Amino acid sequence: MKENTAEVRVRYAETDAMGVAYHANYLVWFEVGRTALLEELGYPYVQLEADGIILPVAECHVRYRLPARYDDCLLIRSRCTELRGVSMIISYRIENKENGSLLAEGWTKHAIVDKNMKPVKIRDVNPRLQKLLEV
């Protein structure tokens, strides 16, 4: 399966008074990874939406391992682990770039729908998305 690695640096605004990243930011970082993955495949969100497709999050899961802290450089590793019918699952690993520590892992499940929220089979959308599951 195609994997993409994106980098982000933890900003001060993303932390609490102790300099630890707020838990909800991991979902934002998942989105950074997902966006980078689609862009690498040559089918960015802007093109998906221009083609009338949206990918609302139907479910998500995060398992926190170690805290990210202010000014840490993070690696967000994203890959599509399931693509079937009218849904897809993207899995993520967030690591500390400096020491390789696994900070969090999880996944998001997305419905594949048109702008009227009618389900659409991803294989009917664009053949470039087939690359999501290529090794």
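A short reminder: the numbers here are calculations on the coordinates, not readings from a lab. Note that the structure is predicted; figures quoted are calculated from it, not measured. All Cβ positions, glycine included, derive from the backbone under ideal geometry; neighbour counts span all protein chains shown.
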| task | Taking the Cα centre of the chain as origin, sum charge times position over the Cβ atoms of Lys and Arg (+1) and Asp and Glu (-1), and report the length of that vector in debye to the nearest 20. | result | 380 debye
| said: Loop-only chymotrypsin sites (Phe, Trp or Tyr not before Pro) in the stretch 23-107, please: DSSP not H, G, I, E or B, and at most 16 other Cβ atoms within 10 Å. | reply: 70
| How much net charge surrounds residue 10 when only the other residues with a Cβ under 15 Å from the Cβ of residue 10 are counted, with Lys and Arg +1 and Asp and Glu -1? | -3
| note | Karplus ³J(HN,Hα) for the stretch 91-96 (6.51 cos²θ - 1.76 cosθ + 1.60, θ = phi - 60°; Hz, whole; x = Gly/Pro) runs 9, 9, 9, 10, 10, 7
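Which order results if 94, 76, 54 are arranged by neighbouring Cβ count within 10 Å, fewest first? Show your work: numbers first, answer last.
Numbers: 94 30, 76 25, 54 16.
The order, fewest Cβ neighbours first, is 54, 76, 94.
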| query | Are there GluC sites (Glu not before Pro) in the stretch 9-105 that DSSP puts in a loop and that have at most 10 other Cβ atoms within 10 Å, and which ones? | reply | 98
| Taking a quarter of the surface of the Cα convex hull of the chain, what do you get in nm²? | 8.2 nm²
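If each residue's Cβ is checked for other Cβ atoms within 10 Å, how do 62, 46, 10, 86 rank with the fewest at the top?
On the way: 62 17, 46 11, 10 23, 86 14.
Lowest count first: 46, 86, 62, 10.
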| field | Under 22 Å from residue 97, Cα to Cα: lysines that are on another chain or at least 8 residues apart | value | 2
| field | Extension gain, residue 5 back to residue 118 (0.36 nm per residue minus Cα-Cα distance, nm) | value | 37.6 nm
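Divide by every residue of the chain the summed helix terms, -39500 (n - 2.57) for each DSSP H run of at least 4, and state the resulting mean residue ellipticity at 222 nm, rounded to the nearest 500 deg cm²/dmol. Walk me through the intermediate numbers first.
Details: 2 runs with 22 residues, N = 135.
It lands at -5000 deg cm²/dmol.
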